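One structure below.
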Amino acid sequence: MFISIISHKTNTSENHMSEMKENRKSVENIWNNFIESNPNNRNKDIPISFYFCDNKIDADECAKLVVKGIKRATATSLWWFEKNNEQLPKIGDQYIITDWNGNAKAVIETTKIEKVPYNKITPEFAEIEGEGDKSLEYWKKVHKDFYTREMKPFNEEFDENMLIVCEQFKTIYLK
């Protein structure tokens, strides 16, 4: 659904954060195994790890879709990057995908990035994002709901013209 680099963890409880810290070992393990299998990888430092979405059901489902090779894209609002003062992803960036509880599932690498207005997202992009029935209608509904939820605490509103950072990736290592 949405890349939650560092965030989209707005609904985390103290227990959830403790569990994620305990599972940090799985992130280290997957990265060490990846580097052992890919000694020429340009990046040796553990990259950012994250889960998709803002709830356990969707985060766990998206992690499974990445592992199955179905989910090959994500769509984060440009608003989120600006609001959180985060750098935009770049082609070649590597990340570790986790489930909601922080268990590492895969290493991905960004292959393509486009800024696209929400109302110009294509059926092709919705399909490679791989969620739900993979239709544009499904994509628009769940993403509008998500962007609305993430903006609400800031008293800001979703806009059909808002820019979305459409990030495509390939899975380069599985647990």
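The values are calculated or read from the model by the stated rules, or taken from the named source; none is laboratory data. Note that the structure is predicted; figures quoted are calculated from it, not measured. Here the Cβ positions follow ideal geometry from the backbone for every residue, glycine too, while neighbour counts run over all protein chains shown.
Is one or more of the residues making up the range 60-73 in contact (Cβ under 8 Å) with a residue 12 or more places away in the chain, exposed (fewer than 13 other Cβ atoms within 10 Å of the Cβ) and hydrophobic (A, V, I, L, M, F, W, C)? No, the range 60-73 contains no residue that is in contact (Cβ under 8 Å) with a residue 12 or more places away in the chain, exposed (fewer than 13 other Cβ atoms within 10 Å of the Cβ) and hydrophobic (A, V, I, L, M, F, W, C). If you filter the range 84-106 down to residues that are surrounded by fewer than 17 Cβ atoms within 10 Å (Cβ to Cβ) and out of contact with any strand residue (DSSP E or B) (no Cβ under 8 Å at 6 or more places or on another chain), you find that the one that is nearest to residue 63 (Cα to Cα) is 101. Taking the range 76-173 and the helices (runs of 4 or more DSSP H) fully enclosed by it, the elements with 2 or more residues that are under 17 Å from residue 65 (Cβ atoms) are at 123-129, 136-151.
Restricting attention to the range 40-96, the residues that are among the basic types (Lys, Arg), over 13 Å from the mean Cα position of the chain (by Cα) and within 19 Å of residue 126 (Cβ to Cβ) total 1. Here residue 103 fulfils each of the conditions (1) modelled with pLDDT under 95; (2) touching a helix residue (DSSP H, G or I) at 6+ places or on another chain (Cβ under 6 Å); (3) polar (S, T, N, Q) apart from (1).
Condition check ((1) surrounded by 14 or more Cβ atoms within 10 Å (Cβ to Cβ); (2) free of Cβ contacts under 8 Å to residues at least 60 places away in the same chain; (3) at positive phi) across all residues:
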site: 108; (1), (2), (3): yes, no, no
site: 111; (1), (2), (3): yes, yes, no
site: 115; (1), (2), (3): no, yes, no
site: 137; (1), (2), (3): no, yes, no
site: 145; (1), (2), (3): no, yes, no
site: 149; (1), (2), (3): yes, no, no
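Looking only at residues in the range 111-139 that are of a type in the set (Asp, Glu) and under 24 Å from residue 95 (Cα atoms), which one is farthest from the chain's Cα centre (by Cα)? Ranking the candidates gives 124 first.
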